[in-house]
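See below for the structure under consideration.
Bear in mind these aren't lab numbers, they're just calculated from the coordinates by the rules spelled out. Keep in mind it's a predicted model, so treat the numbers as computed, not measured. Counting neighbours? That spans all protein chains shown, and the Cβs are built from the backbone with ideal geometry, glycine included.
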Amino acid sequence: MTAHFWKTRKLNELTTEEWESLCDGCAQCCIIKFQDEDTGRIYHTNVVCEWLDIYHCKCRRYSERGRLVPSCLTLTPELAAELSWMPETCAYRLLAEGKDLPLWHHLVCGDRDAVHRAGISVRGKVVSAIDVDEEELPDYVIDGDDPS
């Protein structure tokens, strides 16, 4: 990969390897969310997908995620620009908005654990959907719009 490739090319011009490397490993996109049908308001829980390895903030079944969890989106450059529920710190969202990566991003600082030390990741803040009955999910709502 070319150093600082995200500064010289648009999201839709990136290779698959470059695109995947943008993920900072925060796993905030794996948080289970609800949307009010009437208002459109997003409600975040502190529950994550059952396939997320909470400590490492990585999907244990990444290549199969779309089949295993039909609501799991495969992010595209177009979606990165449209999805308002994506975290404000998300590299895909930042770049889609014409902003730069934060200093703690591994492509900037060279340290994949910086996202955890910066308190951006879900590590230590969530529980797995495996441990929560689906009908109890509303009891786990933590806020109205911002998961961090």
>> Between a residue in the stretch 37-58 that is in a strand (DSSP E or B) and any residue that is among the hydroxyl-bearing types (Ser, Thr, Tyr), which pairs come within a Cβ distance under 8 Å, given they are 6 or more apart or on different chains?
In response: Ile42/Ser84; Thr45/Tyr140; Asn46/Tyr140; Val47/Ser128; Val47/Tyr140; Val48/Ser128; Leu52/Ser128
>> Pairs needed: first member in the stretch 70-85, closer than 23 Å to Tyr43 by Cβ; second member anywhere, among the hydroxyl-bearing types (Ser, Thr, Tyr) and crowded, with 16+ Cβ neighbours inside 10 Å; C-beta distance under 7 Å; at least 6 residues apart or different chains.
In response: Leu75/Tyr92; Ala80/Tyr92
> Out of Val122, Val115, Val108, which single residue is surrounded by 13 or more Cβ atoms within 10 Å (Cβ to Cβ), in a helix (DSSP H, G or I), of a type in the set (Val, Ile, Thr) and in contact (Cβ under 8 Å) with a residue 60 or more places away in the chain?
Replying inline: Val115
> If a residue has to be out of contact with any Phe, Trp or Tyr (no Cβ under 9 Å at 6 or more places or on another chain) and in contact (Cβ under 8 Å) with a residue 40 or more places away in the chain to count, how many in the stretch 5-15 make the cut?
Replying inline: 4
> How many residues, within the stretch 95-116, are over 17 Å from Lys10 (Cα atoms) and either touching a Leu at 6+ places or on another chain (Cβ under 7 Å) or polar (S, T, N, Q) (or both)?
Replying inline: 2
